[in-house]
Amino acid sequence: MSLRTELLPVVDTLRALTGPSVLDIRTAQLTIRTRTWSGAEVGLGTSTDSDLVLPQQYRVESLTTREVASSGGRFSDDAVRVGPVTPAFTGGGYTPEQLNPGAADDNVEVIHILAGQVHGWYRLASLRTEKPFSYIMVLNRRRDTP
């Protein structure tokens, strides 16, 4: 094991302190829903959902006007940043594939759902995975958000 992989559980434990059971300073929670439709494409037939619910310990904040403007249209005005999220380790964290399941088939859609102070349906616009102890997601609000 490397020092990095041995420190990931410590990092995750420290992040958990911000959750509702200790400091209670994180006011939103992210659920990543993979919705599979029985028809040939999204919206046809009946749907089956599979949810990955992340603990309410990750920061959710709006992007600045400068970040949106410099994104070249990639981020919307109501985009949010989620993270840092702890990379996967034995017993916890998340893989890039879990955070971005990717709709490989025409009948699969991925919905990032925020609940709490910030809420609505979002679509993943960016997933940054280059840092050793954190992943950062940028989510654009969907037009069909409830």
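The values are calculated or read from the model by the stated rules, or taken from the named source; none is laboratory data. These numbers were taken from a predicted model, which means no experiment stands behind them. Backbone-built Cβ (ideal geometry, glycine too); neighbour counts: all protein chains shown.
Please verify whether Ser134 is among the hydroxyl-bearing types (Ser, Thr, Tyr) and more than 30 Å from Glu41 (Cβ to Cβ), treating the condition exactly as stated.
In short, yes.
For segment 91-102, which positions are in contact (Cβ under 8 Å) with a residue 12 or more places away in the chain and either assigned to a loop (DSSP other than H, G, I, E, B) or closer than 16 Å to Pro9 by Cβ (or both)?
Correct list: Gly91, Gly92, Gly93, Tyr94, Asn100, Pro101.
What pairs can you find where one residue is in segment 37-54 and at negative phi, the other is aromatic (Phe, Trp, Tyr) and assigned to a strand (DSSP E or B), and their Cβ atoms are less than 6 Å apart, with a gap of 6+ or different chains?
Listed pairs, sorted by first residue: Leu44/Trp37; Ser47/Trp37.
One residue is enough: does segment 55-75 have a residue meeting the conditions assigned to a loop (DSSP other than H, G, I, E, B), surrounded by 12 or more Cβ atoms within 10 Å (Cβ to Cβ) and acidic (Asp, Glu)?
Scanning segment 55-75, I find no residue that is assigned to a loop (DSSP other than H, G, I, E, B), surrounded by 12 or more Cβ atoms within 10 Å (Cβ to Cβ) and acidic (Asp, Glu), so the answer is no.
In segment 6-13, is there at least one residue being closer than 28 Å to Gly120 by Cβ and at pLDDT 90 or above?
yes
How many residues, within segment 59-82, are hydroxyl-bearing (Ser, Thr, Tyr), over 18 Å from Arg123 (Cβ atoms) and touching a Ser or Thr at 6+ places or on another chain (Cβ under 9 Å)?
Here the count works out to 0.
Quick check on my filter: what residues within segment 1-54 are among the hydroxyl-bearing types (Ser, Thr, Tyr) and assigned to a loop (DSSP other than H, G, I, E, B)?
Of everything in segment 1-54, those that are among the hydroxyl-bearing types (Ser, Thr, Tyr) and assigned to a loop (DSSP other than H, G, I, E, B) turn out to be Ser2, Thr18, Ser21, Thr27, Ser38, Thr46.
Using the structure shown, decide if Val138 is assigned to a loop (DSSP other than H, G, I, E, B), buried (at least 17 other Cβ atoms within 10 Å of the Cβ) and either in contact with a His (Cβ under 7 Å, 6 or more places away or on another chain) or on the phi < 0 side of the Ramachandran plot (or both).
No: the conditions fail for Val138.
Within segment 29-43, can you find the residues that are in contact with a strand residue (DSSP E or B) (Cβ under 6 Å, 6 or more places away or on another chain), over 14 Å from Tyr122 (Cβ atoms) and of a type in the set (A, V, I, L, M)?
Val42
Sort out which residues of segment 103-127 are in contact with a Phe, Trp or Tyr (Cβ under 6 Å, 6 or more places away or on another chain) and either part of a loop (DSSP other than H, G, I, E, B) or surrounded by fewer than 16 Cβ atoms within 10 Å (Cβ to Cβ) (or both), and write them in order of number.
Asn107, the sole residue that qualifies.
Quick check on this structure: which one of Ser126, Ser62, Ser76 is among the polar types (S, T, N, Q) and in contact (Cβ under 8 Å) with a residue 60 or more places away in the chain?
When all the criteria are applied, what remains is Ser76.
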